[in-house]
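Below is one structure, written out as C-alpha cells; comments come after it.
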Amino acid sequence: MSIRFVDSTGQFVLETADTCYQMKVDEMGYLQHLYYGSKIGQNDMSYPFRTYDHGFSGNPYEMRLNRAYSLDSMAQEFTSFGVGDYRVTSFRASFSDGSRCAEFHYVSHEIVEGKYAIPGLPSVYDNGESVHTLIITLKDFAVNVEVKLYYGVFEELNIITRAVEIVNTGKDIVWLRKASSMCLELPFGKWDMIHFHGRHCMERQPERVPLFHGVHTLSSGRGMSSHQHNPFIILCDRDANEDAGKCYGVMLMYSGNHKTEVERDQFDGVRIVTGVNDDRFRWELTAGASFYTPEVILTCADGLTQLSHNYHRVIRRNVVRGEYKLSHRPVLINNWEATYFDITEEKVMAIAEKAKALGIEMFVLDDGWFKNRNDDNAGLGDWVPDTDKLPNGLDGLIAKINALGLRFGLWIEPEMVSEDSDLFRAHPDWAMTAPNRAPMMSRNQLVLDLSRQEVHDYLFATISGLLEKYNISYIKWDFNRSISDVYSHSIPSPRQGEVAHRYYLSLYKLYDRLTKQFPYVLFEGCAGGGGRFDAGMLAYSPQIWCSDNTDPISRLKIQYGTSFGYPACTVGAHVSASPNHQTGRKTPIHTRGVVAMSGTFGYELDLTALSDEDCAQIKEQIARFKELEPMIHSGKLYRLSRMSDSTHYVAWQYVSEDQDRALLNIVVTNPLANSAPVHVRLKGLLPDAVYSVGGEFECRGAALMSGGYTFPRLTGDYPAVQLDIIRIK
Ligand code: GLA
C-alpha cells in the first residue's frame with residue numbers, strides 16, 4: 001500500500017518507488033506538511049521542525065502562550081486565510097456575515113484503491129497499475145466550508161497528483177475568490193526555479209532563476225494557458241543539472257487562466273501555490289455545492305532528465321487517451337505554409353499526389369476552405385465549404401484524396417466567430433463582449449461564449465455534423481486569439497467572475513463528447529502554434545502544434561524547452577520551406593527533417609515546388625521516421641547540451657525502452673572555423689552491451705557513456721547528423 005496513516009502520530013506517509021511525501025495532523029488539528037523527497041524508510045520527518053518564537057508571527061488563540069506555534073511559519077498542505085498566515089494563500093472567500101477569514105482543521109480521511117477523477121475536469125487516470133487515492137477532509141466550522149484534499153499516488157511512476165474539492169456545508173452562499181489546486185512547501189534548502197516563458201512563435205523558453213525573497217508569480221489571464229507562461233515549473237537545487245540534484249516538478253493540468261505563486265519567505269521557506277488564476281475570479285458556491293479545482297501533477301527526481309522521464313511516461317500513458325495514445329501517428333502534409341488562404345482544388349490535389357508518391361499518409365486542409373474565408377477577417381463560425389475554391393465540395397475533394405490512398409484531415413477554429421459571419425449576425429450575444437463597450441479585437445475575430453449552453457450545443461452539433469458528413473480522420477483544432485472582454489450575456493452580473501472557468505468546463509466537456517463519439521479521429525490542439533500546450537489539452541488531443549515558428553533552428557530551442565515536461569509524441573513538428581517563412585533563414589532539408597523527427601513529424605510546404613534531390617530526401621526521411629518513431633515516441637530522451645551554454649551545437653539522444661537502440665542527433669547552430677571538436681557523452685545505454693556506432697565501429701555502452709563520441713568537423717549552413725547506435729551483442 002503506497003499510503004499509510006500512522007494513528008499514534010497523526011502522520012500520513014505516501015510512498016512511490018523512489019519518493020516519499022509526509023504530512024501530519026498536529027495537536028491543533030492543522031494539516032502540516034513535513035516532507036517531499038527521496039524515500040527515507042520509516043522515518044517520521046517531523047523532527048526537523050523545532051519551532052521557536054518568530055517575532056511578529058502570531059499564534060492561534062489556544063496557543064497564545066506558546067509563541068513558537070505560528071501558522072505564519074508552519075509548512076502546510078492547504079493554507080488558512082486572514083488569520084495570521086501572511087504568505088501566499090491557497091484559498092480566499094467572502095462569507096454572508098462579511099468576514100474574510102478561514103482556517104481548516106482535520107476532520108477525517110479515506111484511503112481508496114485506484115485513482116480519483118475530478119467531475120468536469122481532465123485528470124491523470126490509472127491503467128490498472130498500482131495507484132491509491134487519499135482524501136483528507138478539513139473543515140472550518142465557523143464559516144461551514146469543507147475542503148477535501150485529494151492525493152493520487154502512482155507508485156511506479158513516481159507521480160503524486162493533487163486536487164481540491166471545496167464544499168459549502170452551510171446554508172448561506174459562499175463567494176470563492178481563490179481556490180488553488182494545492183499548496184506545496186519546501187521548508188528548507190536553496191532553490192532555483194525553472195519556468196517556461198515565451199511569446200507567439202517562441203514558446204516555452206526555459207529560464208532558470210534563483211528564488212529571491214518575495215513572491216514570483218507566473219500566470220496567464222489571456223483565457224488560455226498561453227504562449228507567455230506555461231503552467232509548469234521546476235524547483236531544483238542550486239547546483240542541480242540533468243543528472244543530479246533534487247528537482248521538483250509542478251504541472252497544472254489546466255488550459256485556461258492559471259497562476260503559480262512561489263514565495264520565498266522571511267525564514268527562507270518556499271511555498272508554491274498553483275491553480276485557477278484568482279484575478280477576476282469569483283464563484284458563487286451555494287449551500288451544499290462543491291467546487292473542484294484542476295489537478296496538479298507532481299514529481300520529485302534526482303536530476304532534470306529523470307524529472308522529464310517521469311513526466312513523459314505519465315503523459316504518454318496516463319494523460320493522453322484514445323486510439324492514438326501509443327500508436328503510430330500518420331505522417332501528414334499540411335497545406336498552410338504552401339498555399340495560405342489561396343486554396344484551389346487543383347493546387348491541393350497536386351500537393352496530395354506528390355505527397356502520396358513520397359510516402360506521406362494524410363493530407364490536412366488548413367484554414368481557408370470555408371465560405372467567405374479569403375483572409376483572416378471573415379468567415380469564422382459558419383463552417384460551410386467554399387465551393388468557389390472547392391467546386392466539387394469538401395466531399396468531392398476528400399473522395400479524390402482518399403482515392404489516392406491518403407487519409408484526410410481538416411482545420412477548424414470552433415471557439416471563434418467573425419463579425420462578418422451568419423452566426424454572428426444571428427447571435428451577436430453569443431460572442432464575449434462587455435456591455436456598452438466596443439470589444440478588443442484580435443485577428444479581427446471574437447471569442448464565442450462557450451460558458452453558454454446554446455453555444456456548447458451549437459459547437460457540438462457543428463463539429464459532429466462535419467465528422468458525420470465527411471470522411472475526416474484528423475482535426476486540427478485552432479484557437480487564434482487571447483480572450484478579452486470576458487462577459488457572458490447569459491448569467492447575472494454577480495456571477496461574471498465564473499465565466500472564464502466555466503468556459504473551460506464547457507470546452508473540456510465538448511472535447512470529451514466529441515472524442516467519445518468519434519474515437520477514430522485524431523485531434524491536434526493548436527492555439528496560434530503552442531499557445532495552449534498543456535496537460536489539460538493533452539487529455540483530449542494526443543498532439544499539439546508546438547509553434548507557428550517552423551524554422552528548425554528556432555524550433556531547437558522551443559522543442560528543448562517543451563521537452564522538460566512533455567514527450568516528443570505530443571509535439572507537432574513539420575518540415576517547412578527554406579528560406580523559412582517566419583525567420584527567412586535557409587537550412588538544409590536534412591536539418592529540417594532531423595528537428596521535425598523529434599515530434600509527430602509531418603510536412604508543411606509546397607511539395608510541387610521542390611527539387612528532385614529534396615524529394616528523394618523526403619522519401620528517405622519518411623521511411624526513416626517510420627522506423628524510428630517507436631523509439632522517439634516511447635523511448636527516453638536525453639538532452640546532451642544545454643541551451644544556456646554558449647556551444648555552437650545542440651545535441652540530444654533517444655534510447656529505446658529495451659536499450660537496444662539509440663539515436664544521437666546533433667545540429668550545428670553556429671558553424672565555426674577550426675573549432676574544438678564536437679564531443680558528447682552518450683547516456684542511457686547498457687554498459688556491457690556492444691553497439692554498432694553509425695555502422696562505423698563497435699563499442700561498449702560503457703565506453704560511449706564515459707569516453708563519448710566525437711563528431712567529424714561539421715561545416716556549412718546549419719548541418720545536422722543523426723547517428724544510429726544499434727546493439728549487436
Ligand atoms: C494558426 C495556426 C497555423 C495556421 C493558421 C491558420 O496560426 O497555428 O498553423 O493553422 O492559424 O489561420
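Structure notes:
- Radius ratio Rg over Rh of region 496-641, counting only Cα atoms, Kirkwood formula for Rh: 1.02
- Cysteines without a disulfide-compatible partner [the chain; Cβ-Cβ under 4.7 Å]: C20, C101, C183, C201, C300, C526, C546, C569, C615, C699
- Estimated purely from DSSP H runs of n ≥ 4, each contributing -39500 (n - 2.57), the mean residue ellipticity at 222 nm for the chain is -5500 deg cm²/dmol once divided by its residues.
- A Förster radius of 35 Å combined with the Cβ-Cβ distance from D420 to E613 puts the calculated FRET efficiency at roughly 0.20.
- Longest to shortest principal axis, alpha-carbon extents of region 3-318, angstrom: 48, 43, 42
- Cα point-scatterer Debye curve for region 1-116, base-10 log of I(q)/I(0) at q = 0.09, 0.13, 0.15 Å⁻¹: -0.29, -0.59, -0.77
- Per residue, in Å², the accessible surface of the chain once ligands and nucleic acids are set aside, probe 1.4 Å: 36 Å²
- The chain: C-alpha pair distances exceeding 48 Å, %: 20 percent
- Cut-off 12 Å between beta-carbons: net charge of the residues surrounding F460, Lys and Arg +1, Asp and Glu -1: -1
- In plain terms, the bigger the Kirkwood radius, the slower the diffusion; for region 332-634, with that radius from Cα pairs, at 25 °C and 0.890 mPa s, Stokes-Einstein puts D at 122 µm²/s.
- Filter on K178/K509; K400/K636; K190/K325 - keep pairs with C-alpha separation over 29 Å: K400/K636; K190/K325
- Among 41-53, 406-418, 287-299, the order from most to least packed when residues are scored by Cβ within 10 Å on average: 406-418, 287-299, 41-53
- Long-range amide H partners of V575 with built H, under 5 Å: G602, Y603, E604
- Long-range amide H partners of S90 with built H, under 5 Å: T79
- Percent carbon-and-sulfur accessible area, the chain, ignoring ligands, DNA and RNA, probe 1.4 Å: 49 percent
- Counting charges near L332 (Lys, Arg +1; Asp, Glu -1) among other residues having Cβ under 14 Å from its Cβ returns a value of 0.
- For S255, net neighbour charge (Lys/Arg +1, Asp/Glu -1) across residues whose Cβ lies under 10 Å away: 0
- Each residue of region 140-156 was assigned a 3J(HN,Hα) from its phi angle through the Karplus expression (A = 6.51, B = -1.76, C = 1.60, θ = phi - 60°), giving 9, 6, 6, 10, 6, 10, 9, 10, 9, 9, 9, 10, x, 10, 9, 4, 5 Hz with x at Gly and Pro.
- Karplus (6.51, -1.76, 1.60) ³J(HN,Hα), θ = phi - 60°, over region 658-675, in Hz, Gly and Pro reported as x: 8, 6, 8, 8, 9, 9, 9, 10, 9, 10, 7, 9, 8, x, 10, 7, 6, 7
- When the residues D485, D388, D512, D342 are ordered by accessible surface, computed with a 1.4 Å probe over the protein chains alone, the sequence from largest down reads D388, D342, D512, D485.
- Computed from backbone phi, the HN-Hα couplings of region 551-558 come to 5, x, 6, 5, 4, 4, 6, 5 Hz, rounded to whole numbers (Karplus: 6.51 cos²θ - 1.76 cosθ + 1.60, θ = phi - 60°; Gly and Pro given as x).
- Between the amide H of R282 and those of G497, E498, distances stay under 5 Å, these residues lying 5 or more places away or on another chain, with hydrogens modeled in the peptide plane.
The values are calculated or read from the model by the stated rules, or taken from the named source; none is laboratory data. Quantities reported herein were computed from a predicted structural model and do not represent experimental measurements. Every residue, glycine as well, gets a Cβ built from its backbone with ideal geometry; the counts of neighbours run over all protein chains shown. The protein model used for the area step is the full one, side chains on, heavy atoms only, and it has no ligands, DNA or RNA in it. Shrake-Rupley method; radii C 1.70, N 1.55, O 1.52, S 1.80 Å.
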